[in-house]
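Working notes, structure below.
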Amino acid sequence: MSDEVVVLKTFNNEIEAGMAQQVLQEAGIQAFVFKDDAGGMEPHMQRTNGVRLVVNCVDAHRAHKLLKT
C-alpha cells in the first residue's frame with residue numbers, strides 16, 4: 001500500500017471539509033482535514049489558505065467519485 005497522499009479538495013471552511021471527511025470515512029476511506037488557522041485563533045485564515053481534505057493516493061479516484069455524487 002502506498003504511503004503517498006494527495007489533496008483531494010480544498011474547502012473554504014472546516015465544516016464543509018469535515019462533512020466530506022465523514023462521507024469518505026463512512027465509505028471506508030481514511031481522510032484527514034488539514035488547516036492553518038493558528039490553532040483556531042485566526043479562523044479567517046481558513047478562507048485565505050483553504051482547508052484541505054487529504055486522502056491516500058490509492059483511494060483518490062474512488063473518493064473523488066463519492067464526493068461528486
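The values are calculated or read from the model by the stated rules, or taken from the named source; none is laboratory data. All values derive from a computational prediction rather than experimental measurement. A quick note on method: Cβ atoms are made from the backbone with ideal geometry, for glycine too, and the neighbour counts reach across all protein chains shown.
Across the stretch 13-24, what is the total count of residues that are polar (S, T, N, Q) and either touching a Ser or Thr at 6+ places or on another chain (Cβ under 6 Å) or surrounded by fewer than 12 Cβ atoms within 10 Å (Cβ to Cβ) (or both)?
1
Within the chain, which helices (runs of 4 or more DSSP H) (wholly inside it) include 3 or more residues that are modelled with pLDDT under 85?
45-49
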